[in-house]
1. Being under 15 Å from the mean Cα position of the chain (by Cα), at pLDDT 90 or above, surrounded by fewer than 20 Cβ atoms within 10 Å (Cβ to Cβ) and not in a strand (DSSP E or B) narrows it down to one of 350, 288, so name that one.
2. Do we find that residue 387 is over 16 Å from residue 259 (Cβ atoms), buried (at least 19 other Cβ atoms within 10 Å of the Cβ) and in the same structural domain as residue 184 (by TED's automatic domain parsing) in this structure?
3. For the list (1) under 30 Å from residue 233 (Cβ atoms); (2) modelled with pLDDT under 95; (3) in contact with a helix residue (DSSP H, G or I) (Cβ under 6 Å, 6 or more places away or on another chain); (4) not in a loop (DSSP other than H, G, I, E, B), I need the number of the one condition that residue 361 fails.
4. From 220, 251, which residue is assigned by TED's automatic domain parsing to the domain that holds residue 144 and within 15 Å of residue 274 (Cβ to Cβ)?
5. Output the residues belonging to segment 50-72 that are loosely packed, with under 14 Cβ neighbours inside 10 Å and more than 24 Å from the chain's Cα centre (by Cα).
6. Looking only at residues that are free of Cβ contacts under 8 Å to residues at least 24 places away in the same chain and part of a helix (DSSP H, G or I) in segment 319-347, which one is farthest from the chain's Cα centre (by Cα)?
7. Out of all the residues in segment 375-391, which are out of contact with any helix residue (DSSP H, G or I) (no Cβ under 6 Å at 6 or more places or on another chain) and outside any loop (DSSP other than H, G, I, E, B)?
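The values are calculated or read from the model by the stated rules, or taken from the named source; none is laboratory data. Just so we're clear, the structure is a prediction, and the values are computed from it rather than from any experiment. Positions of Cβ are backbone-derived with ideal geometry, glycine not excepted, and every protein chain shown enters the neighbour counts.
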């Protein structure tokens, strides 16, 4: 709480300082963001040219800050997660002209990320950064894997089961992996099996067949590989109480799930001796739901200057400068890449990232593999925490045949409490 308060105060002072200093200059470009990295980015941008001043305003959740109150200075640009929702078209301008006028090149961006920002064939949100789920293991166990870049859940189950060890009392002393250990893995399994969560007429939708097949698949995994969910939980209690990168280093377990921003956001010393694979199904890598995008507010009074910053920011050489600045300022201990993730600019990931993250030299995610989520409800994170994850935890309990409540019933209970 104290850290968050200090962050807000810092942004407020930063805003005040630049607002006063820019009063006698051209009107500054106001950027709303929940990504603290943009303070540093703005400093570099402002130092490299004098015609446009970029002013950063911190918003905890910009996606729900519209319409802008009359007593508040409106943004020109918004850069944040969760910007694509049912109101996106209402509050943002189209960005198609940035490509048609050859200021940006579509070939430099990941197609599925561009599609995620497209509504009715027009681009409203330009992707900025994204993260992927990864499976890590000790490099000592690298020879157990068949592919140098990717891994499937089937492979995790087969290889993980062979890794298991039990003592003479039948208690597990090593366990390759268990679906019940990590609630985010349960959610990832749903995505990989085509759950296809989305929003229609303000209601959450999903593929019921995919839900059923995922539950059956994970439950059978537990029985076939690890005896029961109770055995998995006992093992977790005994051994799995350290960060993911340490779990596989001590070799009690073979695999651990980790987000790319967490994996590459820790120091290089902590990731020594680790290897990783992108987890996929039929070649599809699911992008984390909170990918970052930018849009120009449709009531912006400074559109041309806002576009100048966007074009500058999306250049490969400038993103390299941003990464160099982050590295030189020792900011890379808490943040990964561009705005906390892989860049939406393919060439930055392929040619620049490996200079700063050597582990990526051997495994850059491929453009054709990425897949993004549908439009999700505004209160998606709360729904996921209170409905989806509890349902999956209950459904994977091997001591009973059926969960206490269906996901539809849990969602109905949530709706009663929140509306």
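1. Unique residue meeting the criteria: 288.
2. On the way: over 16 Å from residue 259 (Cβ atoms): yes; buried (at least 19 other Cβ atoms within 10 Å of the Cβ): yes; in the same structural domain as residue 184 (by TED's automatic domain parsing): yes.
Against the criterion (over 16 Å from residue 259 (Cβ atoms), buried (at least 19 other Cβ atoms within 10 Å of the Cβ) and in the same structural domain as residue 184 (by TED's automatic domain parsing)), residue 387 qualifies.
3. With respect to (1) under 30 Å from residue 233 (Cβ atoms); (2) modelled with pLDDT under 95; (3) in contact with a helix residue (DSSP H, G or I) (Cβ under 6 Å, 6 or more places away or on another chain); (4) not in a loop (DSSP other than H, G, I, E, B), residue 361 is out only on (1).
4. 251
5. Step one: list which residues in segment 50-72 are loosely packed, with under 14 Cβ neighbours inside 10 Å, which gives 50-51, 60-61, 64, 67, 69-72.
Of everything in segment 50-72, those that are loosely packed, with under 14 Cβ neighbours inside 10 Å and more than 24 Å from the chain's Cα centre (by Cα) turn out to be 50, 51, 67, 69, 70, 71, 72.
6. Only one residue fits best here, namely 328.
7. Listed by number, the residues that qualify are 380, 381, 382, 383, 384, 385, 388, 390.
Listed here are the residues, each with its yes/no results for (1) in contact with a strand residue (DSSP E or B) (Cβ under 7 Å, 6 or more places away or on another chain); (2) at pLDDT below 95; (3) buried (at least 18 other Cβ atoms within 10 Å of the Cβ).
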residue: 95; (1), (2), (3): yes, no, yes
residue: 109; (1), (2), (3): yes, no, yes
residue: 122; (1), (2), (3): no, no, no
residue: 125; (1), (2), (3): yes, no, yes
residue: 161; (1), (2), (3): no, no, no
residue: 169; (1), (2), (3): no, yes, no
